[in-house]
Structures are given as C-alpha cells and as structure tokens.
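K.L.:
What follows is a single structure, and I will ask about it in a moment.
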Amino acid sequence: MAPNFSLRDIVRPNILALKPYRCARDDYDSGILLDANENSLGPAVNASQAAAAHAQALHRYPDPLHRSVKERIAKLRQLPSTDHIFLGVGSDEVIDLLVRIFCVPAKDKILITPPTYGMYNVTAQINDVAVVKVPLLVDQAIPARMFQLDVPNVLRAVEADPTIKMVFVCSPGNPTGTLIDPQDVQTLLDHPGYRGLVVVDEAYVDFVETHKGGSLAQWVERYPNLVVMQTMSKSFGLAGIRLGLAIAHPDVITLLNNTKAPYNVSTLTATVAMAALDDEGIAVMQGAAAKLRDQRARLIRELPKIRGVGQIIGGNDANFVLCQILTRPDGSRSDGQPDQARALRVYERMAQECGLVVRFRGTEYGCDGCLRITVGSPEENDELLKQLAANLEIL
Ligand SMILES: Cc1ncc(COP(=O)(O)O)c(C=O)c1O
C-alpha cells in the first residue's frame with residue numbers, strides 16, 4: 001500500500017505554501033449576488049438558444065483558434081486584424097499563460113499595484129514567480145490621483161530589477177473602480193529603462209463613461225510591449241462561458257497560441273460568444289452597460305445618505321462601488337472613521353440573514369472599512385439600500 005509515498009514530499013514547495021484565490025462564490029452562492037461584479041442585468045444573448053443551435057457538432061473538436069469570433073472582436077474593438085487577438089478560458093487563463101511564457105520560475109518577477117485583482121499574485125505564486133508590489137496612490141486629499149499609479153516608484157522598481165518581466169495594470173481597477181490615467185500607462189510603455197511588458201487588464205472597460213476615454217486596445221499597433229486583456233464575463237454578462245482575451249502584437253499572440261492547450265475554448269463557448277458579438281448582442285451589451293452606469297450613479301447618490309456609510313471612494317468607472325462603513329455615529333456623522341469590524345459584521349449579517357451578498361474588501365491596501373458592492377438591477381439596488389440602512393441601524 002505505497003509504503004514510501006508521501007504527497008507532501010512530492011508537491012512543489014510553492015504549491016504547498018499557496019494561499020489559493022478565494023473567489024466570491026466560495027463564500028456565498030445564492031441570494032441577491034452583488035459580490036462578483038457580474039452583469040446584474042443578465043447575458044447579452046439568449047445563450048441556451050445559441051448553444052442548442054450548434055449541439056449537433058459537439059462530437060467534433062472545436063476550432064483551435066476561433067477565427068470567426070476574433071473577426072467580430074476585431075470589428076468591435078477596431079483592431080487591424082485577428083492576428084492581434086488571443087482567446088482564453090477567461091482572462092484568468094491569459095494571466096496564467098503570460099506568467100508562464102515570460103517568467104522563468106524562481107528567477108523572474110511580476111510587478112503589481114495593490115489594491116488590485118487577486119489573481120495576478122496567486123498565478124505568480126502557482127508558477128513560482130516572485131511579486132514586487134508598488135501600491136497605488138491612496139492619498140484622499142488628492143482626489144484626482146486617488147488609486148492612480150505611483151509612476152516614479154514603478155519606474156524606480158523596474159529599473160532597479162531587470163528580472164521584472166511584466167507590470168500588471170488593472171484599469172478600471174478592481175477593487176478600486178478607477179480608470180488609470182492613460183498617460184501614465186504611456187510613460188511606462190515608453191520608458192527606456194524598462195524592457196518588459198505592460199499588461200493592462202480592461203475587464204471593466206465598457207462601464208467607463210465615454211467622455212473619460214476608453215480602451216487602449218488600439219495602442220497595440222504602436223506598442224509591441226503592450227498586452228490588453230478583456231473579457232466576456234462583465235459587460236457582456238457571460239461569466240459562465242469563460243471567455244477572455246488578450247490583444248497584443250501578433251508576435252505575442254503567436255506565443256500565447258503556441259503555449260495554450262490545443263482546444264482551450266469550447267464550441268459552446270465560441271457559439272454563445274458569436275451570438276453575443278453580433279450587432280444585436282453588442283447593442284444589448286451597450287444598453288445594459290448604460291443602464292448599469294445609471295444605477296451606479298444612483299448608488300453613489302444614495303449610499304452616503306445612509307447613516308453609517310462614509311465615502312464612496314475611487315473613480316467609479318466599473319460596475320461596482322467601493323463604499324466605506326464608519327464607526328457607529330455618536331451624533332455627528334463627520335466624526336466617523338472607517339470601521340473594519342463593523343464593515344465585516346454588516347457584510348456577514350446581510351449575507352447570512354438577508355440573503356444579500358456584497359464583498360468585504362477592508363483588508364485591501366487603502367480600503368479600510370470598505371465593502372465592494374456590484375451595481376445591481378434597479379430592484380436589487382432598492383433592496384441593497386434598504387438592507388444596508390436596516391443593518392447599520394442595529395450593528
Ligand atoms: C480585474 C479583473 N480581471 C479579470 C477578471 C477575471 O475575468 P475572467 O472571468 O475573464 O477570468 C476579473 C474578475 O472578477 C477581474 O476583476
């Protein structure tokens with residue numbers, strides 16, 4: 001009976017030491033789910049109808065490259081060709097492939113800017129790649145730079161350490177909701193002292209107000225050192241199909257294609273994506289994004305009127321808001337400081353007693369006492385505002 005076998009002895013030490021990514025669905029999976037930044041208005045397509053139409057072809061392997069899906073994405077994002085696009089099993093697969101392609105384990109590093117999306121760090125750990133952290137700016141006294149890149153410190157870090165192969169910039173950021181100033185991204189891309197890639201994660205880009213600017217995807221024509229990631233999980237409301245993409249110079253795309261599993265994206269996924277990316281699907285996506293932006297504005301207006309809620313911090317460019325919970329007011333609201341314990345209590349009670357799930361983000365850098373709340377449908381937001389007020393009355 002395998003007398004000399006010990007699982008622990010053969011597992012890679014970095015995997016044994018791994019603190020796995022904790023996704024929203026690990027905590028709660030039913031009720032009003034305002035925890036995972038999904039599209040609360042639903043998918044941009046009748047997914048079951050689209051999938052059923054192709055069911056007869058499911059005994060065949062899928063197209064390994066899904067050129068027709070890429071053609072629609074190239075048109076939507078105004079890219080010169082499908083050679084600039086890679087399709088992965090969610091952006092999470094793209095992150096993993098990038099780390100595996102460009103970072104030699106136990107030697108190279110990535111740079112991240114906390115508070116940021118957790119999978120960059122977890123993926124690096126899984127691949128035995130070290131992580132350099134240069135936090136975002138969190139001085140609330142300078143609102144225009146709140147949660148923006150600390151450019152001088154990022155440049156110093158990459159200059160000092162040539163083993164940094166990638167800088168991950170989340171824009172709009174999660175959990176900050178803040179669009180990163182494109183000029184800062186350009187400074188990184190142009191910096192002669194940095195020879196690695198800049199990876200801009202645009203998972204939430206369709207929720208940015210149009211006057212604030214949009215995707216940097218077209219910059220890949222000018223910058224061979226830029227990778228832009230996008231996903232069908234957010235604005236298109238298709239988190240369940242798992243389709244993410246990288247947009248980059250064709251040489252980077254070739255490396256991604258060479259490294260992926262042969263049939264990484266399924267026929268069902270591609271079929272649903274095709275339907276979501278036709279003219280009607282795109283119109284539904286854009287309509288939903290506009291409605292969610294309106295609902296976001298409503299939450300930004302209404303949340304601070306609730307006793308015990310502090311500021312809505314960050315740029316509010318995504319489909320969620322970052323909302324401070326304050327110490328119990330003792331008469332004057334302005335005395336309230338962000339209150340970690342109270343925020344956690346409110347989060348837990350709302351999830352357990354009221355079936356309304358948001359996400360506690362108070363332990364993230366610069367997010368003391370914060371709940372991250374996905375913008376819901378109008379009815380879900382009614383309920384959120386009601387429950388948050390009621391719970392803050394008693395906690
Ligand atoms: C910033 C960011 N990037 C990527 C992802 C993951 O996207 P996907 O569903 O395409 O793997 C998320 C999911 O929450 C996210 O917040």
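The values are calculated or read from the model by the stated rules, or taken from the named source; none is laboratory data. The model shown is predicted, which means the values in this text are computed figures rather than measured ones. Ideal geometry is used to build each Cβ from the backbone, glycine not excepted, and the neighbour counts take in all protein chains shown. Areas reflect the complete protein model, heavy atoms only, side chains present, ligands, DNA and RNA absent. Shrake-Rupley method; radii C 1.70, N 1.55, O 1.52, S 1.80 Å.
K.L.:
Got a number for the accessible area of Ile142? Probe 1.4 Å, square angstrom, nearest 10.
P.N.:
About 90 Å², ignoring ligands and nucleic acids.
K.L.:
Okay, moving on. Which distance in nm do the two modelled labels at Gln311 and Asp63 give, with both placed 7 Å along the Cα-to-Cβ direction?
P.N.:
4.9 nm
K.L.:
Please state, rounded to one decimal and in Å, the Kirkwood hydrodynamic radius that segment 138-240 gives when every pair of distinct Cα atoms enters the mean of 1/r.
P.N.:
Mean inverse Cα-Cα distance, inverted, gives 14.5 Å.
K.L.:
Could you give the dipole magnitude of segment 1-128 about its Cα centre, charging the beta-carbon of Lys and Arg +1 and that of Asp and Glu -1, in debye to the nearest 20?
P.N.:
Magnitude of the dipole: close to 320 debye.
K.L.:
Cα axis of helix 250-259 to longest principal axis of the chain: angle in degrees, 0 to 90, nearest 10?
P.N.:
Helix 250-259 and the main axis of the chain meet at about 90 degrees.
K.L.:
With everything on Cα atoms, drop me the angle between helix 279-302 and the longest principal axis of the chain, reported from 0 to 90° to the nearest 10.
P.N.:
Relative to the chain, helix 279-302 is tipped by roughly 30 degrees.
K.L.:
Also, I was wondering about something else. Quantify, in whole percent, the carbon and sulfur part of the accessible surface of segment 47-281 (1.4 Å probe; protein heavy atoms only).
P.N.:
53 percent
K.L.:
Accessible area, 1.4 Å probe, largest first: how do Tyr194, Tyr117 sort?
P.N.:
So the residues, ranked largest to smallest area, are Tyr117, Tyr194.
K.L.:
What share of the DSSP beta bridges in the chain is antiparallel, in percent to the nearest 5?
P.N.:
Roughly 55 percent of the beta bridges in the chain run antiparallel, per DSSP.
K.L.:
Still on this structure: Under a 1.4 Å probe, what is the accessible area of segment 257-395 per residue, stated in Å²?
P.N.:
On a per-residue basis, 42 Å².
K.L.:
Per the Cauchy relation, a quarter of the hull surface: what is the mean projected area of the convex hull of the alpha carbons in segment 307-391, in nm²?
P.N.:
Averaging across all directions leaves 5.5 nm² for the Cα convex hull.
K.L.:
For the chain, what is the calculated [θ] at 222 nm in deg cm²/dmol (nearest 500), taking -39500 (n - 2.57) for each run of four or more DSSP H residues and dividing by its residue count?
P.N.:
Calculated at 222 nm, the ellipticity per residue is -11000 deg cm²/dmol.
K.L.:
How many nm separate the modelled label positions at Glu393 and Gln337, each set 7 Å beyond the Cα in the direction of the Cβ?
P.N.:
With each label point 7 Å from Cα toward Cβ, the separation is 2.9 nm.
K.L.:
Could you give me D for the chain, from Stokes-Einstein at 25 °C and 0.890 mPa s, where the hydrodynamic radius is the Kirkwood radius over C-alpha pairs? Units µm² s⁻¹, please.
P.N.:
So the translational diffusion coefficient is about 111 µm²/s.
K.L.:
Place a point 7 Å from the Cα of Asp382 along the Cα-to-Cβ direction; which residues of segment 351-376 have their backbone N under 20 Å from it?
P.N.:
The answer is 354-358, 374-376.
K.L.:
For Gln218 and Asp251, what is the calculated FRET efficiency with R₀ set at 25 Å and r taken between the beta-carbons, to the nearest 0.05?
P.N.:
E(calc), rounded to 0.05, equals 0.90.
K.L.:
Excluding ligands and nucleic acids, what accessible area in Å² is computed for Phe360 using a 1.4 Å probe, to the nearest 10?
P.N.:
Per-residue accessible area (Phe360): approximately 30 Å².
K.L.:
Assuming R0 = 22 Å, can you tell me the calculated FRET efficiency for the pair Tyr263 and Ile15, based on Cβ-Cβ distance, to the nearest 0.05?
P.N.:
About 0.30, to the nearest 0.05.
K.L.:
What is the packing order of peptides 184-190, 236-242, taking the mean over residues of other C-beta atoms within 10 Å and listing the highest first?
P.N.:
With the highest mean Cβ count within 10 Å placed first, the list reads 236-242, 184-190.
K.L.:
Quote the accessible area belonging to Val284 in square angstrom, nearest 10, computed with a 1.4 Å probe and with ligands, DNA and RNA left uncounted.
P.N.:
Its heavy atoms expose roughly 70 Å² to the probe.
K.L.:
A follow-up question, please. Can you give me the distance in nm between label points at Asn4 and Lys133, each placed 7 Å from the Cα along the Cα-to-Cβ direction?
P.N.:
Modelled inter-label distance: 4.2 nm.
K.L.:
Quick one: if you take sqrt(5λ) for each eigenvalue of the C-alpha gyration tensor of segment 47-281, what semi-axes come out, biggest first, whole angstrom?
P.N.:
31, 20, 15
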